[in-house]
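Enquirer: Here you go, one structure.
The values are calculated or read from the model by the stated rules, or taken from the named source; none is laboratory data. Note that the structure is predicted; figures quoted are calculated from it, not measured. Quick reminder, even Gly has a Cβ in these numbers, built from the backbone with ideal geometry, and neighbours come from all protein chains shown. Calculation scope for accessible area: heavy atoms of the full protein, side chains included, ligands and nucleic acids excluded. Shrake-Rupley method; radii C 1.70, N 1.55, O 1.52, S 1.80 Å.
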Amino acid sequence: AQSVTQPDIHITVSEGASLELRCNYSYGATPYLFWYVQSPGQGLQLLLKYFSGDTLVQGIKGFEAEFKRSQSSFNLRKPSVHWSDAAEYFCAVEAMYSGGGADGLTFGKGTHLIIQP
Amino acid sequence: EAGVAQSPRYKIIEKRQSVAFWCNPISGHATLYWYQQILGQGPKLLIQFQNNGVVDDSQLPKDRFSAERLKGVDSTLKIQPAKLEDSAVYLCASSRNRGAGDTIYFGEGSWLTVV
């Protein structure tokens, strides 16, 4: 079965500084990988997704993520954070079934991002 | 385009009582999911529908949880009887299909507190 590990429960970053959130996955085949963001009291919003091809994917709000197969990682980055980026960030992997479709998302436990003024 | 709608947003019940949550997915989306998100954890898939059929309910506690999507559109998740550990946010999500990479869109969730 697939799994996702987000090693950092909390991350504190100063406004304007760069950000990297770590994500490691376990999946037997080529993974489909996602990053979602959840603001307090809100649902999950998709930031970006990786299926194949270029290992550096661009997302919304200035986020990007890099897929590294050798490290089983899919880390999320942003060059300069804004106070509005404070939220919970979830990495997820999607399992495929033999017919070529998908069986829903498996999420990590999330990383809580705190922005210092 | 309207998003995934859920109701009620908040519910407080006593243990052993029952509760039902309703979800209306994005129009035209064949796949509907119910996730449970306990405080401090990531969402966990409870059940997945394709149109009005169940694709995966392996993590649904079937002794107390039930879900249906009778007409292949909106869905209801029921808990009866509720336990304290059922306190969580119940997220409904939908996607156009089960195709690999189909974006899954989430509702704002229904917050359940069992006291």
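Enquirer: From the list B:Asp63, B:Asp86, which residue is of a type outside the set (Gly, Ala, Ser) and out of contact with any strand residue (DSSP E or B) (no Cβ under 9 Å at 6 or more places or on another chain)?
Expert: Values: B:Asp86 fails: out of contact with any strand residue (DSSP E or B) (no Cβ under 9 Å at 6 or more places or on another chain).
Just one listed residue meets the conditions, B:Asp63.
Enquirer: For the stretch A:15-28, state whether one or more residues are at negative phi, at pLDDT below 95 and part of a loop (DSSP other than H, G, I, E, B).
Expert: Within the stretch A:15-28, one or more residues are at negative phi, at pLDDT below 95 and part of a loop (DSSP other than H, G, I, E, B).
Enquirer: Continuing with the same structure: Restricting the stretch B:102-112 to residues that are in a strand (DSSP E or B) and open to solvent by 10 Å² or more (accessible area, probe 1.4 Å), which is nearest to the other protein chains (Cβ to nearest Cβ)?
Expert: B:Phe106
Enquirer: Another one. Is the stretch A:82-97 home to any residue that is open to solvent by 60 Å² or more (accessible area, probe 1.4 Å), over 30 Å from B:Gln6 (Cα atoms), outside any strand (DSSP E or B) and at pLDDT below 90?
Expert: no
Enquirer: Can you tell me which residue in the stretch B:6-55 is surrounded by the fewest Cβ atoms within 10 Å (Cβ to Cβ), limited to those that are assigned to a strand (DSSP E or B), of a type in the set (A, V, I, L, M, F, W, C) and within 11 Å of chain A (Cβ to nearest Cβ)? If you could, list the steps in order and put the result at the bottom.
Expert: Keep residues of the stretch B:6-55 that are assigned to a strand (DSSP E or B), which gives B:6-7, B:10-13, B:19-24, B:31-37, B:44-50, B:53-55.
From the residues that got through so far, the ones that are of a type in the set (A, V, I, L, M, F, W, C) too are B:12-13, B:19-23, B:32, B:34, B:45-47, B:49, B:54-55.
Narrowing the set further to residues that are within 11 Å of chain A (Cβ to nearest Cβ) leaves B:32, B:34, B:45-47, B:49, B:55.
Values: B:Leu32: 27, B:Trp34: 26, B:Leu45: 22, B:Leu46: 21, B:Ile47: 25, B:Phe49: 22, B:Val55: 18.
The qualifying residue surrounded by the fewest Cβ atoms within 10 Å (Cβ to Cβ) is B:Val55.
Enquirer: Further, regarding this structure: Quick one: how many residues across the stretch A:29-65 are at negative phi, more than 11 Å from the chain's Cα centre (by Cα), open to solvent by less than 30 Å² (accessible area, probe 1.4 Å) and of a type outside the set (A, V, I, L, M, F, W, C)?
Expert: Selection size over the stretch A:29-65: 3.
Enquirer: Among the residues of the stretch B:82-101, are any open to solvent by 70 Å² or more (accessible area, probe 1.4 Å), part of a strand (DSSP E or B) and either closer than 25 Å to A:Gln6 by Cα or not aliphatic (A, V, I, L, M) (or both)?
Expert: no
Enquirer: While we're on this one: Only residues that are open to solvent by less than 30 Å² (accessible area, probe 1.4 Å) and not in a loop (DSSP other than H, G, I, E, B): list them for the stretch B:68-80, please.
Expert: B:Ser75, B:Leu77, B:Ile79
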